[in-house]
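The values are calculated or read from the model by the stated rules, or taken from the named source; none is laboratory data. It should be emphasised that the depicted structure is a prediction, and the values quoted were computed from it without experimental measurement. Heads up, the Cβs are rebuilt from the backbone with ideal geometry, glycines too, and the neighbour counts pull from every protein chain shown. Side chains included, ligands, DNA and RNA excluded: accessible areas come from the protein's heavy atoms. Shrake-Rupley method; radii C 1.70, N 1.55, O 1.52, S 1.80 Å.
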Amino acid sequence: MSHVDLRRRSPGRRIRPKTTLFCPTCGHESTATADGDWMLVERTRDDERQLTYECPVCGSVVSVHSVTLAHH
Ligand SMILES: [Zn+2]
């Protein structure tokens, strides 16, 4: 007798990670992690570091993160 494991995944709702970013211009959607395909552009101005997520499709700036550099 063979044992068959019929395990069904409920097709219910997909949980969308909070890190998902949307392009306001073309509607492109991807996660804001290393898995996403956003172009990460890093700029440093004075003591402030800016991390910009740019859309790979249309080049729009989707999100800007400011990171203040800690100096000693
Ligand atoms: Zn876009």
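Hey, among Val67, Val41, Val62, which residue is in a strand (DSSP E or B), modelled with pLDDT under 95 and either within 13 Å of the ligand (Cβ to nearest atom) or of a type in the set (Lys, Arg) (or both)?
Residue meeting the stated conditions: Val62.
Which residue pairs have Cβ atoms closer than 8 Å, lie 6 or more positions apart in sequence or on different chains, and pair a first residue in region 39-50 that is in contact (Cβ under 8 Å) with a residue 24 or more places away in the chain with a second residue that is outside any strand (DSSP E or B) and open to solvent by 80 Å² or more (accessible area, probe 1.4 Å)?
Hits for this filter: Asp47/His71.
So which residues in region 27-46 are touching a Phe, Trp or Tyr at 6+ places or on another chain (Cβ under 9 Å) and either closer than 14 Å to Gly59 by Cβ or hydroxyl-bearing (Ser, Thr, Tyr) (or both), if there are any at all?
Listed by number, the residues that qualify are His28, Ser30, Thr31, Trp38, Met39, Leu40, Val41.
Could you say whether any residue in region 16-24 is more than 16 Å from the ligand (Cβ to nearest atom), over 14 Å from the mean Cα position of the chain (by Cα) and modelled with pLDDT under 90?
Looking through region 16-24, none of the residues is more than 16 Å from the ligand (Cβ to nearest atom), over 14 Å from the mean Cα position of the chain (by Cα) and modelled with pLDDT under 90.
I'm told Arg13 meets every condition in (1) at pLDDT 80 or above; (2) surrounded by fewer than 10 Cβ atoms within 10 Å (Cβ to Cβ) except one. Can you identify the failing condition by its number?
If we test Arg13 against (1) at pLDDT 80 or above; (2) surrounded by fewer than 10 Cβ atoms within 10 Å (Cβ to Cβ), just (1) comes out false.
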